[in-house]
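First the structure, in the form of structure tokens, and then the observations on it.
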Amino acid sequence: MYTTVAAEQTVALAPHEVFALFGSAHATGWLFSARCDAVTPGAIVSMQLPLDERGGTRGVDILGRLARVVPGAMIDIEHTQPWRGRISLRFRPAGARRTRVQVRASVPLEGVQWLLHRRGLPLPEPADDGAIRLGVITSASGTGAVYSMSAELMAELAVDEINADGGVAGRRVRLVVADDATDADQAADEARRMVRLGCRVVFVNSTSASFDAVRRAVRGRRILVVHTVVNEGGGVSPTVVRLGERPQAQLDALAAPVMRRADARRWFFVGQTYVWSHGAHAAARRAVSRAGGQVAGEDLAPLGTTDFSDTLERIQLSGADLVLSTLVGADEVAFERQSEAAGLRDATRTVSLVLEESTLAHIGPRASVGLQTALSYFQDNPLPGNADLLARYRAAYGPWAPPVTSLSETVYEAIHQYARILHVDPEGDAAEHGRALSRRRRGSRGDAIGSRDLVAPALYVAEAGPSGLEIVEAVREKAGA
């Protein structure tokens, strides 16, 4: 069920002139402040709908792709954040050098519920249908929305596959999804709601700040909490599991080779004022020291920073020739685009620890070339089973669905692994299930999709090029091995 919202405005420009402004810096403040590097089908786009947020006046960010384009006449956008829907723009002549811009948005029920929840109304709580409920917290809005674009889809795909295979111990599985808005307090509220709804586990596909808030919010509730994205480690217990890459392993794979290839040794660290960057930068200092490098400076910014001009000036004054970024989501997009515009690419090489396909697409090809990262999964990795996974994903969600990334593929595999544990031990408690999920898979590299070692995953070094992230090296030693 969809609700259609329509609006129009007449502009004193010809249709081709209005169309040409879409996505450009010249349209800031109107045409939804849309930003895209090319108005062609498949191009990534971000827009801002003029809807009041709870506690502020900033609009709601819409992230998606251009699905259909007729130059000078129409643009159709399919988006996944903060809900799945379609926005259609039509540019129609309205007299001499005048254009009627018509906008039509199709908002599904979950989008209406999201908007109402944004204004402080509670989400509906489904009746008990006997299904096993799994909670997933993603960042459908806020800074983290950029990297979380495919997380909900991948969680849905995992649950659909489990149910198609008969469910768990004869019962269907039901997914309860929530948006934390990249805000720790909201993450805690959503986790408490999931406890009320009877979820046995909460998968946190968000920042370390949200993970920590969820962990504290459900402490003593016999709920398993699983952090499914790259993180700094720590904070674990029998009922708290952290999966994914660790910065020490990433930097051990990146620091020395980057220094050697660039013939450079002075680093500047750019991060954020919460535990992820603190932990990652501590690991970076160790890796840089072992490689014979120096740290020339460090700058930490709050989540949600959009202007990095002061940071760029500090980097230039420091004499650093290497940059480490631990920024996430929209902050990383802003920093890298501003770095390229300021000419920093000509003087430095940059390593980014949370650079995956969705973030890269929003940075754009011109501003991202040469960036390096090390993660456990890339969409173009020829891992056994990966082609089949991508085919199932595209069949389920269409050609314009956001890319599968390390930060979304892990939640897919984690749900499957948890379901297998629950199927074998349906009466086990959260601690028993947590210990089983966090058990290392020794004796093989675990590189096949569906059976990878998520606790200490194998890493791949990749560099951004004209066609995206290209794997340049497989790291032979596993993280933490």
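The values are calculated or read from the model by the stated rules, or taken from the named source; none is laboratory data. All values derive from a computational prediction rather than experimental measurement. Please note: Cβ atoms are built from the backbone with ideal geometry, for glycine as well, and neighbour counts cover all protein chains shown.
Only a single item in (1) over 25 Å from ILE44 (Cα atoms); (2) of a type outside the set (A, V, I, L, M); (3) crowded, with 24+ Cβ neighbours inside 10 Å is not met by ASP179, and it is number (1).
For beta carbons closer than 9 Å, sequence separation of 6+ or different chains, a first residue in the stretch 48-76 that is more than 18 Å from GLN186 (Cα to Cα) and a second that is at pLDDT below 85 and β-branched (Val, Ile, Thr), the qualifying pairs are GLN48/VAL60; LEU49/VAL60; PRO50/VAL60; LEU51/VAL60.
Here the stretch 241-251 is the region considered, the condition is being touching a helix residue (DSSP H, G or I) at 6+ places or on another chain (Cβ under 6 Å) and within 15 Å of SER325 (Cα to Cα), and the residue that is surrounded by the fewest Cβ atoms within 10 Å (Cβ to Cβ) is GLN248. Quick one: is ALA436 farther than 26 Å from GLN248 by Cβ, aliphatic (A, V, I, L, M) and either surrounded by fewer than 24 Cβ atoms within 10 Å (Cβ to Cβ) or not assigned by TED's automatic domain parsing to the domain that holds SER309 (or both)? For ALA436, the condition - farther than 26 Å from GLN248 by Cβ, aliphatic (A, V, I, L, M) and either surrounded by fewer than 24 Cβ atoms within 10 Å (Cβ to Cβ) or not assigned by TED's automatic domain parsing to the domain that holds SER309 (or both) - is not met. Among the numbered conditions (1) at pLDDT 95 or above; (2) not in a strand (DSSP E or B), tell me where GLY446 comes up short. In the conditions (1) at pLDDT 95 or above; (2) not in a strand (DSSP E or B), GLY446 misses (1) alone. Just to be sure, is THR306 polar (S, T, N, Q), in the same structural domain as LEU360 (by TED's automatic domain parsing) and surrounded by 17 or more Cβ atoms within 10 Å (Cβ to Cβ)? Spelling it out, it is not the case that THR306 is polar (S, T, N, Q), in the same structural domain as LEU360 (by TED's automatic domain parsing) and surrounded by 17 or more Cβ atoms within 10 Å (Cβ to Cβ).
Considering only the stretch 259-296, state which residues are part of a strand (DSSP E or B) and either surrounded by 20 or more Cβ atoms within 10 Å (Cβ to Cβ) or touching a Leu at 6+ places or on another chain (Cβ under 6 Å) (or both). TRP267, PHE268, PHE269, VAL270, GLY271, GLN272, listed by residue number.
Is it the case, given these coordinates, that ASP189 is within 23 Å of the chain's Cα centre (by Cα), among the charged types (D, E, K, R) and surrounded by fewer than 20 Cβ atoms within 10 Å (Cβ to Cβ)? Taking the combined requirement at face value, the residue satisfies it. Within the stretch 406-428, the residues that satisfy the criterion of being part of a helix (DSSP H, G or I) and in contact with an Asp or Glu (Cβ under 7 Å, 6 or more places away or on another chain) are SER406, LEU407. Got at least one residue in the stretch 103-112 being outside the structural domain of HIS362 (by TED's automatic domain parsing) and more than 26 Å from the chain's Cα centre (by Cα)? Yes, the stretch 103-112 has at least one match. Screening the candidates ASP425, ASP447, ASP453 for the property of being surrounded by fewer than 17 Cβ atoms within 10 Å (Cβ to Cβ) and over 30 Å from LEU63 (Cβ atoms) yields one hit, ASP425. None of VAL136, VAL101 is at pLDDT 95 or above and in a strand (DSSP E or B) except VAL136. Taking residues in the stretch 225-245 that are more than 17 Å from LEU355 (Cα to Cα), and partners anywhere that are in a loop (DSSP other than H, G, I, E, B) and hydroxyl-bearing (Ser, Thr, Tyr), the pairs with Cβ atoms closer than 6 Å and at least 6 places apart or on different chains are VAL241/SER438; LEU243/THR228. If the requirement is being surrounded by fewer than 23 Cβ atoms within 10 Å (Cβ to Cβ) and touching a strand residue (DSSP E or B) at 6+ places or on another chain (Cβ under 6 Å), which of these qualifies: LEU254, LEU322, LEU300, LEU312? So the residue among LEU254, LEU322, LEU300, LEU312 that is surrounded by fewer than 23 Cβ atoms within 10 Å (Cβ to Cβ) and touching a strand residue (DSSP E or B) at 6+ places or on another chain (Cβ under 6 Å) is LEU300.
A quick yes/no check of all residues on (1) of a type in the set (S, T, N, Q); (2) under 14 Å from VAL226 (Cβ atoms); (3) modelled with pLDDT under 95:
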position: THR182; (1), (2), (3): yes, no, no
position: ASP185; (1), (2), (3): no, no, no
position: MET194; (1), (2), (3): no, yes, no
position: SER206; (1), (2), (3): yes, yes, no
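If the condition is being under 25 Å from the mean Cα position of the chain (by Cα), under 17 Å from ARG345 (Cα atoms) and not in a loop (DSSP other than H, G, I, E, B), then the stretch 299-321 contributes SER309, THR311, LEU312.
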